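The values are calculated or read from the model by the stated rules, or taken from the named source; none is laboratory data. Every value quoted in this text rests on a predicted model; they were computed, and no experiment measured them. Note: ideal-geometry Cβ built from the backbone for every residue, glycine included; neighbour counts use all protein chains shown. Heavy atoms of the whole protein, side chains included, go into the accessibility calculation; ligands, DNA and RNA do not. Shrake-Rupley method; radii C 1.70, N 1.55, O 1.52, S 1.80 Å.
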Amino acid sequence: MSIEEIYDAKHDAGGELIAGATGDWEIIIGMEVHAQIASRAKLFSGAPTDFGGEPNDHVSLVDAAMPGMLPVINNFCVEQAVRTGLGLKAEINLYSVFDRKNYFYPDLPQGYQISQFKYPIVGRGEVRVDLPDGGTRVVRIERLHLEQDAGKSLHDQHPSMSYVDLNRSGVALMEIVSQPDIRSAEEATLYLEKLRTILRYLGTCDGNMQEGSMRADINVSVRKPGTSLGTRCEIKNVNSMRFIRQAIDYEARRQIDILEDGGEIHQETRLYDPGKGETRAMRSKEESHDYRYFPDPDLLPLELTQPWVDDIARGLPELPDEKKARFIDAFGLSPYDASVLVAERETADFYEAVARGRDPKIAANWVITNLFGALNEIGKTIAESPVSAEQLGSLLDLLADKTLSSRLAKDVFEIMFETGDDPQKIVEDRGLKQVTDTGAIEAAIDRVMAENPDKVEEVKAGKDKLLGWFVGQVMKATQGKANPQIVNEMLRGKFDL
Amino acid sequence: MSDLIELDLAAARDGLRAKEFSAVELTEAYLAEMARGEALNCFITQVPERAVEMARASDGRLADGTAGMLEGIPLGIKDLFCTKDVLTTAASHILDGFTPAYESTVSANLWGAGAVLLGKLNLDEFAMGSSNETSYYGGVVNPWRRKDDDAPLVPGGSSGGSAAAVAARLCLAATGTDTGGSIRQPGALTGTVGMKPTYGRCSRWGIVAFASSLDQAGPMTRSVRDAAILLQAMAGHDTMDSTSVDRPVPDYSAALTGDIRGLRVGIPAEYRVDGMPPEIEKLWQAGQQWLRDGGAELIDINLPHTKYALPAYYIVAPAEASSNLARYDGVKYGLRMPGKDLIEMYENTRAEGFGAEVKRRILIGTYVLSAGYYDAYYLRAQRVRTLIAEDFRAAYDKVDVILTPTTPGPAFAIGARTDDPISMYLNDVFTVPANLAGLPGISVPAGLSESGLPLGLQLIGRAFDEETLFRAAGVLEQAAGFAARPQTWWKD
């Protein structure tokens, strides 16, 4: 047994199994994620990286591979890769090398992609994925390396010719390679979401899958639990969470069917067709390119110093795992609530601003249930929230000092969400202040009791349940503004209960 | 007017500053020589109008006292340097019609110093060759001929157009590039000075790449002093070339003190190769004596891995070339030969666009980088390279500079070696090690062969110690007193 297999066996508890005709099967998934580095300039040229623009708007002489042009490393991209490595709790390699990956394609103007092959900038790390059952899947990171993106071929612009758009040519990517530690399509998307959360916390990738800032190649194989790893197929360039789930489920089923029919899996590269919901072979291992990797002689090896790396480490923000632990420990939140709040840095920051100096659990409840619920309904993000953290905090203060009942607070929140007004203003303008003046409440109670002598008798005869009815009537009489707790207490006093 | 072309760069510079003649006059004198020198096929592109315009601007700066270091000096530029708005071919069919929108750093430095562009000089296709016979634009003819023999000879390569143009006085000086000897070998074969600086001394930005880890630009001139002056203007750090080195450029001319007393000169045993012609051995001995007479100390040294240099070079250089030349695919610029699909377009374009030698090297390079062969060839060649660099490092503990012949023989007849690549490659046996180790080297014309052809001696220096190299080369040049000139048969 290899070390990998021993780890694998230990690691395997809790994988989701797929039933086949011959018994249960386990899916083994490893992912290669291409994350575009958040940087204004490309990896080896000064050209801008803005999404959109007219084709070939953002192309320098280097990106177009004009004769005699040379790459010069963008130090900021290096810093971003190191920051990401640190966020993935990974080894940072102080010595790494850029290699050329040679192949011909019109959208690859140099005829080679500058990448890192033997000596990547980041080594082994890990991503901890929270599973819905409350468990955690630790997905080991094999490596992270820097590389250039290619351009884009446009085949639909001319009846007989293809066009090439080099705007993306040379844009900096981080390829983040995981070990085959993922065990289901759901875990795969959870892994990707967690990875995206980390990258967004770090500010090293915007994680936008629609714009292609994050793309995944998925390695899928199946096996009977406890047996050694099966032959894998790689599904290329899947660019949405939904497609990832569909592609994995289809591919696993396809492989199981082949194996159960007595066939065998051939290692190959496959494409997912979202229209048909299936994967199909792109090229087999035998036809695979010989990329003739060799160190790029135009670039010196990348040498970093430990103090420089330490400096970046010191500037790292609190990451989701640490933040979640703190929310649980310091605020007493449930793991679920904590997870929800830390999923986006902006949400966590928002929550902390609301919770500061207030009851953290009530704050969490309001942010998750009321605010998220309302935002979800109108399809807005926390950054676009019409209610600021300060305003929501003020609302909670009004609730805490009993100016508002929770029912009233919900009403006020709805108005805040619609108008963006401060809660104090809404309370004053609309006279929504909770009545805690016992004189006014007593007058209302007396009035209700006087109007319903029969019910008063029933309570006096021992029908305690009717007390609730009285509370309701009093609340109605005060247009909901009476403090229900005070109403209850005073009623009990009247009835000597 | 015609005696203007007899002035070397240093003298022409002084004459221009003293207003003895104008830059336009000097430039027109060379344009006239270029017109008479067509038979040599030195130039791929001539830009006479632009040259006169640049010279006129130089005269303006000479008049108002803003003259640069090379003000009004008419130069030829090897057609491997990209020149803004001037056709740049690398002597290849595949770059048909390619006119860059940018200027190489080295040539930009020259224009910034006031130099005048006469035209773009012929070379071996993509600088791959030792005879200038692989050019798509036809071979360059060496101005030198054997005594009593009219057979046309090669000028060496790949900077053959540069060497021949300097030797025939078609330009005052020229730029070359040297990947395995492409400056020094044609220098030796044409009786001119060819200097390859330390790797990283001149920017490679804007020079069409052959083998990136070996390519280095350098001056090709009539004298050691001219080479020092020209390099002064070419060299310097460039942030656009990651392999360019950030060190100040010293005053190279000031290094030409003529004093080499106490200089330790290494004589490497391994350069005494089998079958070396006696006249080369004799010249080498003479060179040693000249330096000894100047007060230098001669020390026998060993560079034990020398014999592996050529094989290692013919792995590393083609490997890098195979990748560097992938960009010539018919998609973006230059030649495109249509095909029924993409692959056929690639095949047709590259089949038509590249010559036989370039194809041979692309094939060798592709092969040595292939899965299964990489370790045996490329990786091993890189290890050899490290050992060769180590040899030199050890030698420079004992000596300051190393003296060797530049080439195993004089210029040969056009066509004599085109069917035998190996014998062609052997031309570079003495020059290649300096490229593999990244060291500066210079070839100084030192004598004539029995057949009346120029021969050169090479000095190899420590990395970034071009000053010592120039100083020793100056003494060698002085002592050799090489004054022979080719018959000007091309003017007839």
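Could you run through segment B:447-463 and say how many residues are in a strand (DSSP E or B) and open to solvent by 10 Å² or more (accessible area, probe 1.4 Å)? The total comes to 2. The test for being of a type in the set (Lys, Arg) and part of a strand (DSSP E or B) holds for A:Arg215.
Among residues of segment A:73-132 being among the β-branched types (Val, Ile, Thr) and within 20 Å of the chain's Cα centre (by Cα), the one that is farthest from B:Leu342 (Cα to Cα) is A:Val129.
Residues being of a type in the set (A, V, I, L, M) and away from chain A (no Cβ under 14 Å) are entirely absent from segment B:361-380. Of the residues screened, A:Leu299 is not one that is open to solvent by less than 60 Å² (accessible area, probe 1.4 Å) and either away from chain B (no Cβ under 14 Å) or in contact with a Leu (Cβ under 8 Å, 6 or more places away or on another chain) (or both). Among the residues of segment B:26-47, those identified as free of Cβ contacts under 8 Å to residues at least 40 places away in the same chain and open to solvent by less than 70 Å² (accessible area, probe 1.4 Å) are B:Ala29, B:Ala32, B:Ala35.
Scanning segment B:307-333 for residues that are open to solvent by 20 Å² or more (accessible area, probe 1.4 Å) and more than 8 Å from chain A (Cβ to nearest Cβ) yields a count of 6.
Let's see how each residue does on (1) hydrophobic (A, V, I, L, M, F, W, C); (2) in contact with a Gly (Cβ under 8 Å, 6 or more places away or on another chain); (3) loosely packed, with under 15 Cβ neighbours inside 10 Å:
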residue: A:Glu428; (1), (2), (3): no, no, yes
residue: A:Met449; (1), (2), (3): yes, no, no
residue: A:Val474; (1), (2), (3): yes, no, no
residue: A:Gly493; (1), (2), (3): no, no, yes
residue: A:Leu497; (1), (2), (3): yes, no, yes
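Would it be correct to say that B:Ala434 is assigned to a helix (DSSP H, G or I), more than 12 Å from chain A (Cβ to nearest Cβ), open to solvent by less than 60 Å² (accessible area, probe 1.4 Å) and more than 23 Å from B:His93 (Cα to Cα)? Answer is yes for this residue.
Number of residues in segment A:184-215 that are over 20 Å from A:Gln246 (Cβ atoms) and among the aromatic types (Phe, Trp, Tyr) equals 1.
The set of residues in segment B:108-150 being in a strand (DSSP E or B) and either at pLDDT below 95 or in contact with a Lys or Arg (Cβ under 7 Å, 6 or more places away or on another chain) (or both) consists of B:Leu117, B:Leu121.
Listed residues B:Ala371, B:Ala381; which is free of Cβ contacts under 8 Å to residues at least 60 places away in the same chain and of a type in the set (A, V, I, L, M)? Going through B:Ala371, B:Ala381 in turn, the sole match is B:Ala371.
Consider B:Ser451 carefully, then state whether it is under 21 Å from B:Trp290 (Cα atoms), modelled with pLDDT of 95 or more and polar (S, T, N, Q). No.
Of all residue pairs spaced 6 or more apart or on separate chains, those with beta-carbon atoms under 7 Å, a first member in segment B:270-287 that is over 13 Å from B:Gly409 (Cα atoms) and a second member that is among the basic types (Lys, Arg) and open to solvent by 30 Å² or more (accessible area, probe 1.4 Å) are B:Glu270/B:Lys307. Counting only residues that are surrounded by fewer than 16 Cβ atoms within 10 Å (Cβ to Cβ), of a type in the set (Gly, Ala, Ser) and either at pLDDT 95 or above or at positive phi (or both), segment B:364-393 holds 3 of them.
Conditions tested, residue by residue: (1) more than 14 Å from chain B (Cβ to nearest Cβ); (2) among the hydrophobic types (A, V, I, L, M, F, W, C); (3) within 31 Å of the chain's Cα centre (by Cα); (4) open to solvent by 60 Å² or more (accessible area, probe 1.4 Å).
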{"residue": "A:Gly263", "(1), (2), (3), (4)": "yes, no, no, no"}
{"residue": "A:Tyr291", "(1), (2), (3), (4)": "no, no, no, no"}
{"residue": "A:Pro317", "(1), (2), (3), (4)": "yes, no, yes, no"}
{"residue": "A:Ala330", "(1), (2), (3), (4)": "yes, yes, yes, yes"}
{"residue": "A:Asp337", "(1), (2), (3), (4)": "yes, no, yes, no"}
{"residue": "A:Leu341", "(1), (2), (3), (4)": "yes, yes, yes, no"}
{"residue": "A:Thr347", "(1), (2), (3), (4)": "yes, no, yes, no"}
{"residue": "A:Glu352", "(1), (2), (3), (4)": "yes, no, yes, no"}
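Residues in segment B:284-333 that are out of contact with any Ser or Thr (no Cβ under 8 Å at 6 or more places or on another chain) and part of a loop (DSSP other than H, G, I, E, B): B:Gly294, B:Gly295, B:Ala296, B:Asn302, B:Leu303, B:Pro304, B:His305, B:Val331, B:Lys332, B:Tyr333. Scanning segment B:85-130 for residues that are more than 13 Å from chain A (Cβ to nearest Cβ) and of a type in the set (S, T, N, Q) yields a count of 3. Sort out which residues of segment A:151-164 are under 26 Å from A:Ile73 (Cβ atoms) and either open to solvent by 20 Å² or more (accessible area, probe 1.4 Å) or without any contact (Cβ under 8 Å) to a residue 12 or more places away in the chain (or both), and write them in order of number. Those that are under 26 Å from A:Ile73 (Cβ atoms) and either open to solvent by 20 Å² or more (accessible area, probe 1.4 Å) or without any contact (Cβ under 8 Å) to a residue 12 or more places away in the chain (or both): A:Lys152, A:Val164. Remark: pairs (first residue in segment B:87-111, on the phi > 0 side of the Ramachandran plot; second residue of a type in the set (S, T, N, Q); Cβ separation under 8 Å; 6+ apart in sequence or on different chains) = B:Ala91/B:Asn122; B:Ala91/B:Thr134; B:Ala91/B:Ser135. Evaluate the following for B:Phe470: is it out of contact with any helix residue (DSSP H, G or I) (no Cβ under 8 Å at 6 or more places or on another chain) and in the same structural domain as B:Gln232 (by TED's automatic domain parsing)? No, not satisfied. Scanning segment B:181-227 for residues that are among the hydrophobic types (A, V, I, L, M, F, W, C), away from every other protein chain (no Cβ under 14 Å) and in a loop (DSSP other than H, G, I, E, B) yields a single hit, B:Ile183. Taking A:Asn102 and the conditions (1) in contact with a Leu (Cβ under 7 Å, 6 or more places away or on another chain); (2) farther than 23 Å from B:Thr239 by Cβ; (3) among the polar types (S, T, N, Q), which numbered condition does it fall short on, given that it satisfies the others? The failed condition is (1).
Of all residues in segment B:291-300, those that are of a type in the set (A, V, I, L, M, F, W, C) and surrounded by fewer than 21 Cβ atoms within 10 Å (Cβ to Cβ) total 2. B:Gly157 falls short of the stated requirement of being in a loop (DSSP other than H, G, I, E, B) and either charged (D, E, K, R) or touching a residue at least 40 places away in the same chain (Cβ under 8 Å) (or both).
Of all residues in segment B:334-360, exactly one satisfies the criterion of being at the interface with chain A (Cβ under 9 Å from one of its Cβ atoms) and in a loop (DSSP other than H, G, I, E, B), namely B:Gly334.
Okay, residues lined up against (1) in contact (Cβ under 8 Å) with a residue 24 or more places away in the chain; (2) closer than 20 Å to A:Val387 by Cα; (3) of a type in the set (Phe, Trp, Tyr); (4) open to solvent by 80 Å² or more (accessible area, probe 1.4 Å):
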{"residue": "A:Asp401", "(1), (2), (3), (4)": "no, no, no, yes"}
{"residue": "A:Leu408", "(1), (2), (3), (4)": "yes, yes, no, no"}
{"residue": "A:Phe417", "(1), (2), (3), (4)": "yes, yes, yes, no"}
{"residue": "A:Val459", "(1), (2), (3), (4)": "yes, no, no, no"}
{"residue": "A:Gly462", "(1), (2), (3), (4)": "no, no, no, no"}
{"residue": "A:Thr478", "(1), (2), (3), (4)": "yes, no, no, no"}
